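Colleague: After the structure tokens below, expect a handful of questions from me.
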Protein chains: 2
Amino acid sequence: MRAGPSQEEIRRHNLGALLRHVHLGGPTSRAELTSRMGLNRSTIMALTADLTAAGLVREELPRQTRRAGRPSLVVRPESAKVYVFAFDVGVDRMVAARVGLGGVILDRRQVERRREPFSVEEEIGRLAGFARQMLRKTREDTVCVGIGAAFAGGVARADGVVRFGPNLDAYDLPFGEELGRRLGLGLPVAVGNDANLGALAEQSRGLGVGCRDLIYLHGDVGIGGGVIVGGQLLGGHQGYGGEVGHMVINPGGRPCGCGSKGCWEAEVGERALLELAGRFGKKTGREAVRAVVDAADMGDAQAQEALRRVGDWLGLGVANLVNLFNPEIVVFGGMLRDLYLGAAAQVRSRIATDALPASREHLRLRTSALGDDATLMGAAELAFSHVLADPLEALARVSS
Amino acid sequence: MRAGPSQEEIRRHNLGALLRHVHLGGPTSRAELTSRMGLNRSTIMALTADLTAAGLVREELPRQTRRAGRPSLVVRPESAKVYVFAFDVGVDRMVAARVGLGGVILDRRQVERRREPFSVEEEIGRLAGFARQMLRKTREDTVCVGIGAAFAGGVARADGVVRFGPNLDAYDLPFGEELGRRLGLGLPVAVGNDANLGALAEQSRGLGVGCRDLIYLHGDVGIGGGVIVGGQLLGGHQGYGGEVGHMVINPGGRPCGCGSKGCWEAEVGERALLELAGRFGKKTGREAVRAVVDAADMGDAQAQEALRRVGDWLGLGVANLVNLFNPEIVVFGGMLRDLYLGAAAQVRSRIATDALPASREHLRLRTSALGDDATLMGAAELAFSHVLADPLEALARVSS
């Protein structure tokens, strides 16, 4: 705060804040915006007029009103017209989607992938092809305002390069640059670690709305973590923070793809579960994990024992995170949703033993509210973020 | 940012910012303040005049100047007149100090303590007695602007109560309230976890100046952690974050004071080291730890093996933290200074094995620049924080 922000800076800030309200909260009446934002009615009117002129929102009469008097106009995001492209690259599948302002999935494409090293040529080409298919179906009066991508690997904050993605055998991969080049939309591609983006999505429009301290755990083949600390995503010095899967919890234990042993993801990952259940080498992926949970439900003793042991390691790792971060909520996403649902008692019991009573007393454990789209929706939020920070500037850049 | 801050709010913010500059950076010329704060000369003059009138700083001609022309006046904090009381309660010692603006220790008292349950009556009485002794020696024109305390335990953010301090057998202890009552200065006592405050001190005036991602590890009998994430202290939902000592790294390992087994502090703490070195049950504390390091230096094979094993666990825990937080710097304080100096090669080797290459590539490992005063200085910073946030308001409260 030097000499204080100018009127113009304040206006731009407020435009972003209003747009964020309707983007995350959905259609909202002017009266509600007035009270929530602490601004007066005429300011809200002026801001709404600016956003309407820019094509970002529109105002409508409410469908029904129970109050007497003139109803307050409702401000809606222009979800069908203003959108981003969001991509999600996991070990077993890739997703591309067109997501409208307000977080509406307008269109999507998905493909299963083989567990082979990530192919720049073929797989980035596939994602770009999906985007082109979806683009052909858009109307002329629509505008793409950003592109975001989630990748199952460690992403450098400085340049968006995927530095390491052991489960996809991807190292030093300029994923965003390459995808941006192939899309040819003249927009940069913002890239983030999938679990980090899952955490952002849960905080924005999932279970973590209003939470300042949240951990999102994403199970794919490995385990990724996204940690929100004091309202902000933990990135660390260069963006690699939150690599919970490589916390060693069992020294000398199972070998991990990172080269170490006894990492959390080695003890809790898909392979450990399938091996313990006597099912390794047959099916893989979510279906295989669900099959173990189902078998345990049906009384299969080996599946039950596998779940018990993996659930114990899962609980131990969560207990460590509870001691380290004192989170309000831990969200299980991806494969960990299934695993947690199958082993919740074991997980809770281990947390009760190993987490400090004060640190766990208000803890909530939940499965992701966004289901398998948490990471994809996080990529969309990443793509929208610059529009919400300064809507007019962002639009000017897009249309120039 | 509603309608934007008022002129008065901006002025108060700038007063705090200027005071923070000279508090943390020492005497600074007006010319330098002008350039560092991005404000014009007349604003700096006005702010300095206000702070001078309030008795917080004074202006002086520089002792020497090499430049031609009129020398720029130097703004100095009124270290001898404006001070806080800082307290530090560890397992083996208690410290009380009078710390002047600018971080100058003006006076201090220290007492060793026995390893017995913390006694409210006797020990808080002792600390208050220290403060009274120091108070009697102050001049009449001095003013105490705050009181801060570091405690080796988990402290609730909401009310400053020590919720758990297993190594001091302290639970649900209203330490700040009780100390404040006995001091009778009419000022509240701000309390924080000792390692958290050590992290703040290292960030403010130690090795972490300018660092946004720092971990301070404090070895006492146990291990505490203070984690700075993106420039902010990690507190978690209720203030208990950073309990790195209770991260389980060796399931089924040594019993820990928290009731669990294989916690980091159980594997790395003083007891583990002394037991492995065949010296448990004799001396305890820092001297005993240093004796093991010295013995290893002199070729004592059992001491060397003890250091190697404890150093390995120390490195494993740091590797986990590196994967979780991607810090720029890890600072070893308290007993861990000695331990790290005695086992640095082991620690580094383990980090090289277990931390992800990207996460550790720019990592620096250091021993505390503030030595055994890191936690005490953190308590002082906590006490000064409201003065730096709004100097005039804070002074008005003190003098009313």
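The values are calculated or read from the model by the stated rules, or taken from the named source; none is laboratory data. The structure displayed is predicted, hence computed values, not measured ones. Positions of Cβ are backbone-derived with ideal geometry, glycine not excepted, and every protein chain shown enters the neighbour counts. Accessible surface areas use protein heavy atoms only, side chains included; no ligands, DNA or RNA. Shrake-Rupley method; radii C 1.70, N 1.55, O 1.52, S 1.80 Å.
Colleague: Given the options A:ALA190, A:ALA46, A:ALA152, state which has the largest fluctuation in a GNM of chain A using a 10 Å cut-off (strictly under) for Cα springs.
Modeller: For chain A, modelled as a Gaussian network with Cα springs under 10 Å, the answer is A:ALA46.
Colleague: Still on this structure, please answer the following. I'd like the FRET efficiency for B:SER119 and B:GLN302, computed as 1/(1 + (r/R0)^6) with the beta carbon distance as r and R0 of 30 Å, rounded to 0.05.
Modeller: Calculated transfer efficiency: 0.25.
Colleague: If R₀ is 45 angstrom, what is the calculated FRET efficiency for the pair B:SER399 and A:MET45, using the beta carbon separation as r and rounding to 0.05?
Modeller: 0.45
Colleague: Ok, one more. So between B:ARG364 and B:GLN232, what do we pick up on full extension, going 0.36 nm a residue minus the alpha carbon distance?
Modeller: 45.6 nm
Colleague: Which whole-Hz ³J(HN,Hα) couplings does segment A:136-149 yield from phi under the Karplus relation 6.51 cos²θ - 1.76 cosθ + 1.60, θ = phi - 60°, glycine and proline marked x?
Modeller: Per residue, the Karplus-derived 3J(HN,Hα) values read 5, 8, 7, 7, 5, 8, 9, 9, 8, 9, x, 9, x, 9 Hz.
Colleague: Just to confirm my numbers, what's the Cα centroid distance between segment A:72-89 and segment B:269-308 in Å?
Modeller: Centre-to-centre distance over Cα atoms comes out at 63 Å.
Colleague: Can I ask one more? Got a sec? Charge dipole of the protein assembly as shown, +1 on Cβ for Lys and Arg, -1 for Asp and Glu; which of B:VAL161, A:ALA53, A:LEU233 is way out at the positive end?
Modeller: Of B:VAL161, A:ALA53, A:LEU233, it is A:ALA53.
Colleague: What value does chain A have for Rg/Rh, both radii from Cα atoms and Rh as Kirkwood defines it?
Modeller: Ratio of gyration radius to Kirkwood radius: 1.01.
Colleague: What are the ³J(HN,Hα) couplings of segment B:97-110, residue after residue, when phi is run through the Karplus curve with 6.51, -1.76, 1.60 and θ = phi - 60°? Round to Hz, x for glycine and proline.
Modeller: Karplus-based 3J(HN,Hα) across segment B:97-110 equals 8, 9, 10, x, 3, x, x, 8, 6, 8, 6, 7, 9, 9 Hz.
Colleague: Roughly speaking, to the nearest percent, how much of segment B:7-77's 1.4 Å accessible area is carbon and sulfur?
Modeller: 49
Colleague: Give me the net charge for the shell around A:GLY224: Cβ to Cβ below 11 angstrom, other residues only, Lys and Arg +1, Asp and Glu -1.
Modeller: Net local charge, A:GLY224 excluded: -4.
Colleague: Averaged over B:310-323, how many beta carbons belonging to a partner chain fall within 10 Å of each residue's beta carbon?
Modeller: Mean shielding by partner chains, rounded to a whole number: 3.
Colleague: With N denoting the number of residues in the protein assembly as shown, provide Rg(C-alpha) divided by 2.2 N^0.38 Å, to two decimal places.
Modeller: With N residues counted in the protein assembly as shown, Rg over 2.2 N^0.38 Å equals 1.02.
Colleague: Another question about this same structure. Under 5 Å between amide H atoms, partner at least 5 residues away or on a different chain: which partners does A:GLY241 have, H built in plane at 1.01 Å?
Modeller: A:GLY236
Colleague: So, one more: For label points placed 7 Å from Cα toward Cβ, what is the shortest-first list of nm distances from B:SER42 to its copies?
Modeller: Those label-point separations list as 3.1 nm.
Colleague: If amide hydrogens are placed 1.01 Å from N in the peptide plane, which non-local residues have theirs closer than 5 Å to the one on B:ALA54?
Modeller: none
Colleague: With springs connecting C-alpha atoms under 10 Å apart, model chain B as a Gaussian network and identify which of B:MET377, B:MET45, B:MET134 has the largest mean-square fluctuation.
Modeller: Between B:MET377, B:MET45, B:MET134, it is B:MET45 that shows the largest mean-square fluctuation.
Colleague: To the nearest 20 Debye, how big is the dipole of segment A:7-77 about its Cα centre, given +1 on the beta carbon of each Lys and Arg and -1 on that of each Asp and Glu?
Modeller: Dipole of segment A:7-77, to the nearest 20 debye: 340 debye.
Colleague: So, one more: Hey, got a sec? Which trypsin sites (Lys or Arg not before Pro) in segment B:223-310 land in a DSSP loop and have at most 13 other Cβ atoms within 10 Å?
Modeller: Counting only loop positions with at most 13 other Cβ atoms within 10 Å, the trypsin sites (Lys or Arg not before Pro) in segment B:223-310 are B:LYS282, B:LYS283.
Colleague: Taking the Cβ-Cβ separation of B:ASP172 and A:ARG290 as r and a Förster radius of 41 Å, what is the calculated FRET efficiency to the nearest 0.05?
Modeller: 0.40
Colleague: For segment B:231-243, take each phi angle, set θ = phi - 60°, evaluate the Karplus expression 6.51 cos²θ - 1.76 cosθ + 1.60, and give the result in whole Hz per residue in order, putting x for glycine and proline.
Modeller: So the Karplus estimates, Gly and Pro as x, are x, 10, 5, 6, x, x, 4, 10, x, 8, x, x, 7 Hz.
Colleague: Averaged over all directions, how much area does the convex hull of the C-alpha atoms of segment B:7-77 cover when projected, in nm²?
Modeller: If you wrap the Cα atoms of segment B:7-77 in a convex hull and average its projections, you get 4.7 nm².
Colleague: Once every DSSP H run of n ≥ 4 in the protein assembly as shown is given -39500 (n - 2.57) and the sum is divided by its residues, what mean residue ellipticity at 222 nm do you get, rounded to the nearest 500 deg cm²/dmol?
Modeller: Using -39500 (n - 2.57) per qualifying helix, the result is -13500 deg cm²/dmol.
Colleague: May I pose another question? Which trypsin sites (Lys or Arg not before Pro) does segment B:30-138 hold that lie in a coil by DSSP with at most 12 other beta carbons within 10 Å?
Modeller: Listed in order of number, the matching sites are B:ARG63, B:ARG66, B:ARG67, B:ARG114, B:ARG115, B:LYS137.
Colleague: If you line up the long axis of helix A:301-325 against the longest principal axis of chain A, both from Cα atoms, how many degrees apart are they, to the nearest 10?
Modeller: 50
Colleague: Sticking with this one: In degrees, nearest 10, range 0 to 90: what is the angle between the Cα axis of helix A:7-25 and the longest Cα principal axis of chain A?
Modeller: Once rounded, the angle reads 50 degrees.
Colleague: Hey, can you find the accessible area per residue of the protein assembly as shown for me, probe 1.4 Å, expressed in square angstrom?
Modeller: 41
Colleague: Okay, moving on. Can you give me the long-range amide H partners of B:THR367? Hydrogens built in the peptide plane at 1.01 Å from N, cutoff under 5 Å, separation of 5 or more residues or another chain.
Modeller: Amide H neighbours of B:THR367, under 5 Å, 5+ apart: B:PHE332.
Colleague: Taking the Cα centre as origin and putting +1 on Lys and Arg beta-carbons and -1 on Asp and Glu beta-carbons, what dipole magnitude results for chain B, to the nearest 20 debye?
Modeller: It works out to roughly 1160 debye.
Colleague: What per residue convex hull volume, in Å³, do the alpha-carbon atoms of segment A:211-368 yield?
Modeller: 108
Colleague: Which distances, in nm and shortest first, link the B:GLU60 label point to the same label point in every other copy, taking 7 Å along Cα→Cβ?
Modeller: Copy-to-copy label distances for B:GLU60: 7.1 nm.
Colleague: Here's something else I'd like to know. Would you give the gap between the C-alpha center of segment B:344-386 and the C-alpha center of segment B:197-218, rounded to a whole Å?
Modeller: Here the two parts' Cα centres lie 7 Å apart.
Colleague: Still on this model: For the pairing of chain B with chain A, what total accessible surface becomes buried, with a 1.4 angstrom probe, in square angstrom to the nearest 100?
Modeller: In total, chains B and A hide about 4300 Å² from solvent.
Colleague: Summarise the accessible area of segment A:211-368 (1.4 Å probe, protein heavy atoms) by the percent that is carbon and sulfur.
Modeller: 46
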